[in-house]
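Working notes, structure below.
Coordinate-derived values only; no laboratory data. From a predicted model like this one, the values you see are computed outputs, not experimental measurements. Here Cβ is always computed from backbone atoms with ideal geometry, including for glycine, and neighbour counts include all displayed protein chains.
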Amino acid sequence: MNPFPPVSKSAWLAKVEADLKGASPDRLRSKTAGGLDIEPLYTAEDAVAPDAGFPGVYPYVRGAAPLAGWVVRQEYDDPRPSVCKAQIAQDLGRGVEALWLRIGPRHGCRVLTTESLDDVLGATDLGATSVYVEGGSDALAVAAGFLAVAERRGVSREALRGGFAFDPIGLLAREGRIQGGLRARLAELSDLAAWCAQNAPGLRAVDVSGDAYDGGGASEVQELAYTIATGVEYLRQLTKAGMRIEDAARQIGFSYAVSGDFFTQIAKLRAARGLWAKVISAAGGEPSAAAMSIHARTSSFTVAKRDPWVNMLRVTAECTAAVLGGAQSVATQSFDAAVGPPDELARRVARNTQIVLRDESHLDAVADAAGGSWFVETLTDQLARAAWKEVRSIEGAGGIVQALGSGRIVDAIDAVAKVRQHSIAKRKAPILGVSEFPNATEQPVHRDPVPQEEIKRMLRAGLDELDVGAHREVLLGLARQVNDPDRAPGALTQACVAATSSGTDIYSVAAVLQHGQPDFHVEPIRQWRAADAWERLRDRSDRSETRPKAFMANLGSIPSHKARSTWAQNLLAAVGVSCSTNEGFGDPKAIEAAWRDAPASLAVICGSDEDYESMLEPAVLALKKAGCPIVLVAGRPGERAAALREAGVSDFVFVGADVLRVMADVLDSVGVDR
């Protein structure tokens with residue numbers, strides 16, 4: 001029996017309105033970056049989503065498995081094989097359970113030979129550890145090298161777990177080009193998937209990545225639509241090559257970057273599973289094949305270079321959202337990811353973030369912990385419906401490749417990115433430690449960059465050691481397979497595995513697979529970080545020999561000016577401007593005298609609306625008379641804007657203003673180099 005009497009939505013809204021002192025609850029409404037409405041209050045009346053079933057049951061919205069839990073899968077991409085090897089060995093001994101390697105001749109950790117790949121994997125037990133090797137446009141050659149390593153170690157193909165993260169369309173979206181052409185890469189993808197289905201059922205050939213869209217500032221709806229549309233295209237390619245729909249579906253996994261909006265990210269993963277189940281069902285597949293495999297990684301879009309310790313909080317929240325959203329494996333970025341290669345402390349914290357969430361917070365104890373939340377269920381349904389509408393539109397216009405080639409997707413993401421950038425510039429989307437509450441006295445975290453000359457020397461030396469002539473016949477045979485239009489499904493992959501197993505290097509196999517086809521180009525999605533613009537301004541101040549200084553022209557008593565003065569000092573600190581403050585002034589002459597004694601580059605007037613009525617214009621005139629070159633006013637000018645500018649005000653800073661632009665103008669005006 002419920003001891004609490006039922007409360008209607010109207011009663012809740014009345015209480016909200018009372019707490020707002022008569023103001024409408026409508027002021028609490030907000031929108032996602034993609035334009036979906038977020039209500040201030042949800043009740044059972046709002047939960048319009050269809051029955052999502054149970055975890056592990058079609059349509060899998062509530063999870064692909066009936067039990068909670070996830071695999072700690074860390075990612076590695078340092079171009080130096082020795083560094084990757086050491087990191088993997090250390091992490092596997094300290095809680096990491098699975099690996100994701102970006103690796104290959106031209107991608108991530110630079111390996112040219114099977115021997116080098118074997119060395120990077122070190123003591124990794126390939127029969128007990130799930131491993132994804134992501135080879136970019138050289139995915140098939142890298143996959144063959146990995147399979148050759150497993151064969152060399154005596155690990156049966158049936159025992160292997162993980163996959164090859166082949167995603168040529170995602171690579172095209174991010175980089176704008178595909179080496180050797182998209183048609184050839186899609187043919188390799190189909191061949192590798194057929195081979196895995198026949199020979200190594202624990203491996204997935206394909207991974208649809210949302211990274212390019214997240215890194216470009218896309219909305220959650222766009223990210224869902226574009227990844228699902230990519231999955232549809234891969235499904236089409238695999239079934240066209242002769243695979244059953246169920247076998248094809250099981251060869252396709254998805255990976256998503258989990259970004260900063262906590263509940264939206266949970267709903268995003270839930271919606272993704274429901275959408276993929278809908279695709280498989282519409283294609284005639286059995287429900288058991290419709291369970292989506294999701295690997296989640298914390299977002300590169302949200303990490304900051306400034307005060308990077310705050311990234312620990314971001315990563316913790318994003319990892320939690322990934323887990324509550326039902327990801328089967330999660331990778332957490334190091335807090336110094338935006339600064340440079342991670343140090344041992346950063347990698348340990350990243351590792352332990354997941355371990356603490358699982359073993360101490362017990363987030364693995366409840367399947368679909370967000371299930372039943374009226375807000376999350378409604379948001380899941382909103383995201384799914386909006387994304388499905390876009391998927392249908394993309395399919396109707398020729399599919400995801402056509403949408404990328406026409407510029408439709410780039411233009412759509414740019415439109416959302418501009419909205420995000422506008423919110424960031426106005427601090428409506430504050431970035432903790434960067435645009436909001438910056439640490440004005442922080443000691444920057446430094447990481448030595450990867451020495452590019454060392455990488456070039458290493459690659460040159462490796463190429464010089466290759467004996468292509470020794471494997472000439474093998475490579476010629478592989479070339480014949482590449483150009484054979486009638487080859488059986490999986491035959492090309494088998495030829496590549498045979499080549500690498502016989503000692504042929506990965507680089508030469510990759511070169512043959514390019515087979516002289518021209519590269520395929522589209523306009524790439526521009527990648528950026530949310531903190532970029534604010535950090536660039538802070539960097540300008542830090543490079544200056546003399547840091548700009550602002551004089552706080554506080555009006556009236558401390559209680560009168562404190563709110564605006566504190567807010568303005570926080571804003572100035574975000575761009576590296578120090579402040580000279582005081583307890584306040586009661587007349588213009590005192591302000592004039594204080595400015596003359598203050599070694600400052602600009603002044604900011606702060607006070608209450610009441611004090612502004614009588615003191616604002618005299619304060620401006622006093623500062624200009626004393627020779628102050630730049631006068632800012634904290635607060636909305638209203639109808640007085642023109643008169644105040646005439647008196648000498650340079651600009652106004654207030655909540656909702658484009659303060660990023662104002663701060664850039666200030667740095668320009670005080671002579672800080674760009």
Worksheet entry | Point-to-point label distance, residue 614-residue 480, nm (Cα→Cβ direction, 7 Å offset) | 10.0
Discussion item. Let's see if you can work this out: charge +1 on each Lys and Arg Cβ, -1 on each Asp and Glu Cβ, no other charges. What is the dipole magnitude of the range 311-440 about its Cα centre, in debye to the nearest 20?
Written reply: 480
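Going by a ≥ b ≥ c, the root eigenvalues of the Cα gyration tensor, does the range 612-674 fall in the rounded group (a/c under 1.5), the prolate group (a/b larger than b/c) or the oblate group?
In terms of gyration-tensor shape, oblate.
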Worksheet item: Order of 51-64, 661-674 by packing, highest average Cβ count within 10 Å first?
Response: 51-64, 661-674
Fill in: Semi-axes of the equivalent ellipsoid for the range 461-518, Cα gyration tensor, largest first, Å
21, 13, 9
Worksheet entry | Protection proxy ranking of 112-118, 99-105 - average other beta-carbon atoms within 10 Å, highest first | 99-105, 112-118
Worksheet, complete the sentence: Residue separation between residue 643 and residue 128 times 0.36 nm, minus their alpha-carbon distance, gives in nm 178.0 nm
Worksheet item: What are the residues whose amide H is under 5 Å from the amide H of residue 297, where those residues sit 5 or more places off or on another chain and H is modelled from the backbone?
Response: 256, 257, 258, 331
Practice prompt. Normalise the Debye intensity by I(0) for the chain, one equal point scatterer per Cα, no solvent, then take log10 at q = 0.06, 0.12 Å⁻¹ and round to two decimals.
Written response: -0.41, -1.27
Discussion item. Using the Karplus curve 6.51 cos²θ - 1.76 cosθ + 1.60 with θ = phi - 60°, what ³J(HN,Hα) values do you get for each residue of the range 615-627, in whole Hz, with x for Gly and Pro?
Written reply: 10, 5, 5, x, 5, 4, 4, 5, 5, 5, 4, 7, x
Worksheet item: Out of residues 5 or more away from residue 177 or on other chains, whose amide H comes under 5 Å of its own, with H placed 1.01 Å from N in the peptide plane?
Response: 522
Fill in: Rounded, prolate or oblate (a/c below 1.5 giving rounded, otherwise prolate when a/b exceeds b/c) for the range 471-565 by Cα gyration tensor
prolate
Practice prompt. Work out how far the C-alpha atoms of the range 294-391 reach from end to end along every principal axis, then list the three figures in whole Å, largest first.
Written response: 42, 33, 21
Worksheet entry | Total charge dipole magnitude, the chain, about the Cα centre, Cβ charges on Lys, Arg, Asp, Glu only, Debye to nearest 20 | 440
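What order do you get for 410-421, 291-302, 232-243 when each peptide is scored by the mean count of other beta carbon atoms within 10 Å, highest first?
So the order, starting with the most tightly packed, is 291-302, 232-243, 410-421.
With +1 on each Lys and Arg Cβ and -1 on each Asp and Glu Cβ, and nothing else charged, work out how big the dipole of the range 167-217 is about its Cα centre, in Debye to the nearest 20. Don't jump to the answer; show the numbers that get you there.
Working: 5 positive and 7 negative charges, 32 e Å.
The calculation lands at about 160 debye.
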Worksheet item: Considering amide H positions built from the backbone, and no H for Pro or chain starts, which residues 5 or more places from residue 132, or on another chain, come under 5 Å of its amide H?
Response: 99, 100, 101, 163
Fill in: Karplus (6.51, -1.76, 1.60) ³J(HN,Hα), θ = phi - 60°, over the range 589-599, in Hz, Gly and Pro reported as x
4, 5, 5, 4, 5, 5, 4, 4, 8, 9, x
Item to complete: Could you tell me whether the range 396-453 comes out rounded, prolate or oblate from its Cα gyration tensor? Rule is a ≥ b ≥ c as square roots of the eigenvalues, rounded for a/c under 1.5, then prolate if a/b exceeds b/c, otherwise oblate.
Response: oblate
Worksheet entry | Amide N of the range 566-596 lying under 17 Å from the label point, which is placed 7 angstrom from the Cα of residue 437 along Cα→Cβ | 566-575
Worksheet entry | Calculated [θ] (222 nm, deg cm²/dmol) that DSSP helices of n ≥ 4 give over the chain, each run adding -39,500 (n - 2.57) | -15000 deg cm²/dmol
